[in-house]
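Participant: Quick one: structure below, then a few questions.
The values are calculated or read from the model by the stated rules, or taken from the named source; none is laboratory data. The shown structure was predicted, so the numbers you read here are calculated from the model rather than taken from an experiment. Backbone-built Cβ (ideal geometry, glycine too); neighbour counts: all protein chains shown.
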Amino acid sequence: MATAIFSHPPFSSNFTAINVMDGVIPDYGSSSSTYISGASSSITNKPFICMDFGEAMTISRIVLYNRRDCCGDLLTSAVFRLGGAIANVTGGDTLNALANRIIYSIPDSASVTSSVVIAELNPPPTGRYLVLRNSDNSSTGRTLGIAEIEVYGTSAVCTLQLVYGAGYGNDSAVISNQTLPDEAACCQACYINIECMYWDYVLSSGICRLKIDQKDYIRPGQILPGFYLNSDRVAGAKKSEFD
């Protein structure tokens, strides 16, 4: 999902931050395709990774693969932050990234080599920059090593309202049915379809339904029209160019 990535300077040119978004999970014991930072020199100069999505994204899930060769304990009290503040290496100070809110605190149990952290975010937060940074302020000299970070979500640009755990309207009255890889693709399909006003995505089957405004339709068992509870679905209202 990310279009660019920034980080604390790497330990060497073999361990740059691009490795965490290359889709490669190294074999156990291997340091290939891994980001390993240089050591921190101060509390404000903590190693970090900042993923830039290029636009606001609504994030539902993050999967982090800790480094797989050794030293997993260097992932210390780490947190993911999401928002509009970019972290970069200007002046070696990443405190500006702290303006982004914490969306997930990685448990201490993940501070082992080859650990996998799955962060399910509910309700899903929205932001452009996702920052991973150790929050341990008690020491300097630490490095940060991450094998891969996978981020799942949908563009906040293509939707005005996004509801996880809900469907929308009548499944028999649709503009189209199609099988798509995720809710982001379904959202985009609605955005580029001139008739579509709402979309409804089934997580288990990948079915995306594009729908017109069904404000007068009340689903059986419901007392109000529109969205309804369904844990296997994600639904959204289209964002127009005027919203």
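Participant: I'd like the full set of residues that are exposed (fewer than 15 other Cβ atoms within 10 Å of the Cβ) and touching a residue at least 12 places away in the same chain (Cβ under 8 Å), limited to region 171-184. First the steps, then the outcome.
Facilitator: To start, the set of residues in region 171-184 that are exposed (fewer than 15 other Cβ atoms within 10 Å of the Cβ) comprises 171-173, 176-179, 181.
Passing the criteria: D171, A173, S176, N177, Q178, T179, P181.
Participant: Please work out which one of (1) within 20 Å of S37 (Cβ to Cβ); (2) modelled with pLDDT of 90 or more; (3) not in a loop (DSSP other than H, G, I, E, B) is the condition L82 fails and give its number.
Facilitator: (1)
To keep it simple, each residue is scored yes or no on (1) within 13 Å of R133 (Cβ to Cβ); (2) touching a helix residue (DSSP H, G or I) at 6+ places or on another chain (Cβ under 6 Å).
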{"site": "N45", "(1), (2)": "yes, yes"}
{"site": "F48", "(1), (2)": "yes, no"}
{"site": "D52", "(1), (2)": "no, no"}
{"site": "V63", "(1), (2)": "no, no"}
{"site": "R68", "(1), (2)": "no, no"}
{"site": "L75", "(1), (2)": "yes, no"}
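Participant: Report those strands (runs of 3 or more DSSP E) wholly inside region 156-243 carrying at least 1 residues which are aromatic (F, W, Y) and outside the structural domain of P123 (by TED's automatic domain parsing).
Facilitator: Values: elements: 159-168, 176-179, 198-202, 207-211, 227-238.
Those strands (runs of 3 or more DSSP E) span 159-168, 198-202, 227-238.
Participant: Still on this structure, I have one more. Collect the residues in region 1-22 that are of a type in the set (G, A, S) and within 25 Å of V157 (Cα to Cα), keeping them in residue-number order.
Facilitator: Once the filter is applied, which keeps residues that are of a type in the set (G, A, S) and within 25 Å of V157 (Cα to Cα), region 1-22 yields A2, A4.
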